[in-house]
Amino acid sequence: MAGADAATMDSFPGLRLIASQGVGLDRIDLAAAARRGIAVCHTPDELTADVADFAVGLLYATMRRIVEADRFVRAGRWSRERMGLGTGIQGKRAGIVGLGKIGSAIASRAAGIGMQVAWHGPRPKPEAPWPYVEDLTELARGSDVLILAAPGGASSHHMVDAGVLAALGPRGFLINIARGSVVDEAALLQALETRSIGGAGLDVFASEPGLDPRFLPLENVVLAPHYASLTGETRQAIIGRLLADIGHFRAGRPFLNVVA
C-alpha cells in the first residue's frame, strides 16, 4: 500500500528485490528500480477472478440497493414504510474502463448475466469480442453502469471527472475497483450528493483508510475497505507466488521481473 519510491530504495543500499503483493505497480518507481538494478516482482494473475467477482457484487449491491435494503430492515423501517425501486440488471449497458486481465474478466461476467458490454482503453484490441469506444465521455453517455478497472498512475489520474459523471447521468452508476486516483473524488461526491448520478459502488478511494467523511451519510453509495481481493484463496495464491518468485531470485532462476 505504501509503495516504494526512489528515496525508499536509496535508504536500503543492499536492496536487490522488491516483492509486491498486488497487481498495480503505480506506487513503485519502476524507472528508479531499473536504474539501481533492483528486480520487481508482483502478482498479476492471482487476483483476477476475485476482483472481477467483487466488481459484479458491487454492481448488484448498488443497482439493486442490497446494502441499503439491509440497513432499511435493521433500522426497523420495514414495518412503517417501503423502500423505493431498484434498477434491474438484465439488458443494461456496462461500460468497462480498462480491458486488462481484470477488466476482461468483468466484461465476461457482465455479458454472462445478460448485460450489453462496451469498453474504453488507451488503444483498441481487435481480438476483444466487445465494441471499443475511443472517447470515455461517449462510453459513459452510452452506459447504464461504468465499471473502472484501469491501472493507476499519471495517465489515468482523474480520468473520470465531472464531465464523464455528467454524461453518465442521473440513471447511471459508477463501480470502482481500480484506484481511487482514477476518479475526481470531489466531482463524484458532488454528483452523489446532488443525485446527478444514480449511485456508486466503491472499493477504492483517494485517501485510504481515511476516506472523505462526506461519503458516510449517503444512501446511494456502497463503500468497501479495498476488499475486492481479500479471500482466503487469493491470499494463499498471492503468498505462494511471492515465495516462489523470491526463491527463484535467490537461486538465480528466471521469474517475472517487471523491470527486466
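The values are calculated or read from the model by the stated rules, or taken from the named source; none is laboratory data. Computed from a predicted model, the values in this text were never measured in an experiment. Note that we place each Cβ from the backbone using ideal geometry, even for glycine, and neighbour counts take in every protein chain shown. For the accessible areas, the whole protein counts, side chains as well, though only heavy atoms, and no ligand, DNA or RNA atoms are used. Shrake-Rupley method; radii C 1.70, N 1.55, O 1.52, S 1.80 Å.
Calculated accessible area for segment 1-118 comes out at 51 Å² per residue, all protein chains present (probe 1.4 Å; ligands, DNA, RNA ignored). Among R74, R241, R16, the sequence by solvent-accessible area, most first, with a 1.4 Å probe is R74, R16, R241. The stretch between L85 and H226, if pulled fully straight at 0.36 nm per residue, gains 48.0 nm over its current Cα-Cα span.
Taking all protein chains into account, the per residue accessible area for segment 168-220 stands at 40 Å² (1.4 Å probe). Expressed per residue, the C-alpha convex hull volume of the chain stands at 144 Å³.
Here the gap between L216 and R16, fully extended at 0.36 nm per residue and compared with their Cα-Cα distance, gives a gain of 67.8 nm. Listed by number, the DSSP H helices of the chain that run 18 Å or longer by alpha-carbon position along their axis and have mean Kyte hydropathy of at least -0.5 are 48-63, 232-251. For the pair R77 and S108, a Förster radius of 30 Å applied to the C-beta separation gives a FRET efficiency near 0.20, rounded to the nearest 0.05. Here segment 105-260 has 57 percent of its accessible surface on carbon and sulfur atoms, given a 1.4 Å probe and all protein chains in place.
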